[in-house]
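Below you'll find the structure, written out as structure tokens, and then a few comments.
Read-outs: derived from the displayed coordinates by stated rules, not from any lab. Remember, predicted model here, so these are calculated numbers, not experimental data. For neighbour counting, all protein chains shown are included, and Cβ atoms are generated from backbone atoms with ideal geometry for every residue, glycine included.
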Amino acid sequence: MKLVHKEFNFVFHFKENTRSLLVIEQPGIFFKLVRELTASDYEEESGFILSENDEVLKKKDKLACIVDPLALSLNERKLLSKLGELLKREILSTELLVEGNQIISDLESYIIRIIQRMDWGVVYSDKMEIQSLLKIADIRFDEMQETLIEKILDYMKVSCELLDVKCFVFVHLLSYLTEYEVEKFYEYVHYQKICVLLLESRQPDFAKEFSETVIIDKDSCEIVLNV
């Protein structure tokens, strides 16, 4: 996996067990690059290129940029949509389908009996299917994380499994985590073989812990610090 930018020389290779850090001290460049990473609807305007085995990947599908870890939720629309698809496939491919069709039939009969009690002309949708049952049940993820690091790791796990996200970019993550939590974070990342880039506006005190560091200083000069 490799991440580059058309306007800069840096190359992040995301090799196994590496810790990648991009420090941007120049505010204008920091804003520009964060905006490019988060504006997934404007793929053609982004200078970032994510590739794997020389094949360019769609950034909006394979890269997730996390600006506010406090706002992370497993129950965001795209994750719930994928969860619904997964549940529907499970039902359609197992004995649950017969039971589901019976429930739909019983529900339609129940609704008809309700409507017949009304004095007005009332209609209902007769196109109920398995998806309708899932919508009624309002199935969602149980978000019971007690700490921020648990919340972050759960979000990464689900995003990788359901959305096939290949790379995560975290903006100012080090402002939220202790050094101990950073170590736990990387233990998980390396075990799961997830590609991660930390984007910061200043060099952290423990920068030596990163094996792949690029600094864009206030004069817009690139400095590569490979350990």
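Of Val56, Val169, the sequence from fewest to most neighbouring Cβ atoms within 10 angstrom is Val56, Val169.
Antiparallel beta bridges, as assigned by DSSP with both residues in the chain, represent about 45 percent of the total such bridges. For the chain, modelled as a GNM whose springs connect Cα atoms under 10 angstrom apart, the maximal fluctuation among Ile136, Ile49, Ile149 occurs at Ile136.
By how many degrees, between 0 and 90 and to the nearest 10, does the Cα long axis of helix 179-192 differ from the longest principal axis of the chain? It works out to around 70 degrees. On a 0 to 90 degree scale, rounded to 10, what angle separates helix 148-163 from the longest Cα axis of the chain? Approximately 70 degrees, to the nearest ten. Rounded to the nearest 20, the size of the Cβ-charge dipole of the stretch 77-137 about its Cα centre is 400 debye, with Lys and Arg at +1 and Asp and Glu at -1. The translational diffusion coefficient of the stretch 77-137, from Stokes-Einstein at 10 °C and 1.306 mPa s with a Kirkwood hydrodynamic radius over alpha carbon pairs, comes to 121 µm²/s.
Remark: the chain carries a charge dipole of roughly 320 debye about the Cα centre, counting +1 on each Lys and Arg Cβ and -1 on each Asp and Glu Cβ.
Charge dipole of the stretch 110-227 (Cα centre as origin; +1 on each Lys and Arg Cβ, -1 on each Asp and Glu Cβ, all else neutral): 660 debye, rounded to the nearest 20. A cut-off of 5 Å between modelled amide H atoms, ignoring neighbours fewer than 5 places along the same chain, links Thr213 with Leu21, Leu225, Asn226, Val227. The distance from the alpha carbon centre of the stretch 162-227 to that of the stretch 134-154 is 25 Å, rounded to a whole number. Between helix 77-92 and the chain there is an angle of about 50 degrees, using the helix long axis and the longest principal axis of the Cα atoms. Helical runs (DSSP H, four residues minimum) scored at -39500 (n - 2.57) apiece and divided by the length of the chain put the mean residue ellipticity at 222 nm at -12500 deg cm²/dmol.
Think of the chain as having a plus end and a minus end, set by charges on the Cβ of Lys, Arg, Asp and Glu; of Val34, Val196, Gln131, Gln131 sits farthest toward the positive end of this dipole. Applying a 4.7 Å Cβ-Cβ cutoff to the chain, the cysteines left without a disulfide-compatible partner are Cys65, Cys160, Cys221. What's the long-distance tail for the chain, i.e. % of Cα pairs beyond 27 Å? Value for the chain (Cα pairs over 27 Å): 47 percent.
Think of the chain as a dipole: +1 on every Lys or Arg Cβ, -1 on every Asp or Glu Cβ, centred on the Cα centre; then among Leu21, Tyr186, Leu96, Leu96 lies furthest on the positive end.
Listed by chain and number, the lysines whose C-alpha is less than 17 Å from the C-alpha of Lys127, apart from same-chain residues fewer than 8 away, are Lys88, Lys135. In which sequence would Arg35, Arg77 go, from the one with the fewest C-beta neighbours within 10 Å to the one with the most? Ordered by Cβ neighbours within 10 Å, fewest first: Arg77, Arg35. Report, in listed order, any pair from Lys60/Lys82; Lys15/Lys60; Lys151/Lys184; Lys78/Lys166; Lys2/Lys151 with a Cα-Cα distance greater than 19 Å. Violating the 19 Å Cα-Cα cut-off are Lys15/Lys60; Lys2/Lys151.
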